[in-house]
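Below is one structure, written out as structure tokens; the observations come after it.
Every number here is computed from the coordinates shown, using simple stated rules; none is lab data. Every value quoted in this text rests on a predicted model; they were computed, and no experiment measured them. For neighbour counting, all protein chains shown are included, and Cβ atoms are generated from backbone atoms with ideal geometry for every residue, glycine included.
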Amino acid sequence: MKIVSVVGARPNFMKIAPFSRAIAGHNRLSAAKIEHRIVHTGQHYDVTMSEAFFQSLGIPAPDINLEVGSGSHAEQVGQTMIALEKVLRRERPDWVVVVGDVNATLAASVTSKKEGIRLCHIEAGLRSGDMTMPEEVNRLVTDRLADLLLTPDRLSGENLRREGASADRIVFAGNIMIDTLESNRAKAAALELDWILSENTLAAVPQQAGELRAGGYTVMTLHRPSNVDDPAVLGPLVDFLCAEVAGEMPLVWPIHPRSEKRLKEFGLWDRVRWTAGMILLRPIGYHEMLRLNMDARVLLTDSGGLQEECTVLGTPCLTLRWNTERPITLREHGGASVLVGNDVQRIRAEFRATLAMGRHPERPELWDGHAAERCLRAIQDYREKP
Ligand code: UD1
């Protein structure tokens, strides 16, 4: 069997790492080898956003890089489709595997089905219901096209059935991100907090906060266009973060390239830079983020993956969004996160309440570190409906 896996952006890499390892494990034990090719679309290209993850997570270097780079959504998707079509015509795999919901996921899904190649989606069935999110459009198209829908939790399976996906296409495989968390937990735990700061401090940004201690700092990540692209949203948020969060305890903020650009564009960069207690880092590695998360008092984020990691680690999480495609991570479903949107009054109230909370690790069903093996088995067991 031959499988082409397509990845493009940072959150894809931690999902493909365990899948690639599951294939290697299969090949060690079985005579019926699986040929695996990794195609990187090149959507994320900075070392800190891409190559560093391949190295630290032990993912084989991509066999092919399409080098599409930055651009509008149509540019990224269109260029990926044009380049990937050539690759698929040459490789003729039995399956294309896509993960998550980024532009690479959408482009690879459409291209592989147009080439008549079977498509498997890992992390299928997530729905925010918010069609203004580019990721929601990507998820809907991908799941409509995929032959095999591998879901991370039971709620995702329900979404797919409600949309009319037939039961034989859906397999509840568990959360593959948690495979990566479990296999990297010990390595992350061994990192020193101060070492992470000193290695990743943004050039030209002075270190201001001194030592971090367990339970004595907050961590934030922010990159969604809805939070960072509008000065009327980002301005008040930055005021709050500088005055009230960093004023309370050190706030560690690894900055996504999009957010750094916007802070500079909107004249907010110096304010953030010179605020005591604000610790700006460049985009950090997987283990560094996991380590920071393990001992954070509160985590503020608009990332989907971090909501999941907080649930398993028990870190109280404020999700800076009005909706989530991952409701299983919410407190009402036993998770660690609460939706606070980007309204400062609401964030303030929840931040205060959350400071008083302890850690409550939770493990949703099949978030057990073995999802990748189930994903591979589902592909091997797949039989076309007669
Ligand atoms: C993409 C995904 C999003 C995911 C996020 C994680 C889509 C639609 N969105 O958003 O779901 O949560 O990745 O990071 O696919 N840039 C760099 N260096 C890089 C990559 C990007 O400087 O290596 C800059 C680009 O110039 C661009 C901006 O960051 O202006 C945004 O990059 P892009 O890939 O368009 O989307 P993300 O916001 O990263």
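The figures follow:
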| quantity | calculated |
| --- | --- |
| Cα-based helix-to-principal-axis angle, 73-91 vs the chain, degrees rounded to 10 | 30 degrees |
| The range 184-355: equivalent-ellipsoid semi-axes (sqrt of 5 x gyration tensor eigenvalues, Cα, Å) | 22, 21, 14 |
| Crossing angle, helix 231-240 versus the chain [Cα axis fit, 0-90 degrees, rounded to tens] | 50 degrees |
| For the range 165-200 versus the range 82-108, the gap between their alpha-carbon centres in whole angstrom | 24 Å |
| Per-residue Cβ neighbour rank within 10 angstrom, fewest leading, Y217, Y382 | Y382, Y217 |
| Acute angle (nearest 10 degrees) that the helix 176-189 long axis makes with the longest principal axis of the chain, alpha-carbon atoms | 50 degrees |
| Cβ crowding within 10 Å averaged over residues, with 348-360, 101-113 ranked highest first | 101-113, 348-360 |
| Amide proton proximity set for G8, modelled H, under 5 Å, gap of 5+ | T41 |
| Spherically averaged projected area in nm², based on the convex hull that wraps the Cα atoms of the chain | 18.1 nm² |
| Under 5 Å, built H, 5+ apart or other chain: amide partners of I170 | L149 |
| Neighbour-count order for W274, W269, fewest beta carbons within 10 angstrom listed first | W274, W269 |
| Computed [θ] at 222 nm, deg cm²/dmol, the chain (DSSP H ≥ 4; -39,500 (n - 2.57); rounded to nearest 500) | -13500 deg cm²/dmol |
| Ascending count of other beta-carbon atoms within 10 Å, so fewest first, for C120, C317 | C120, C317 |
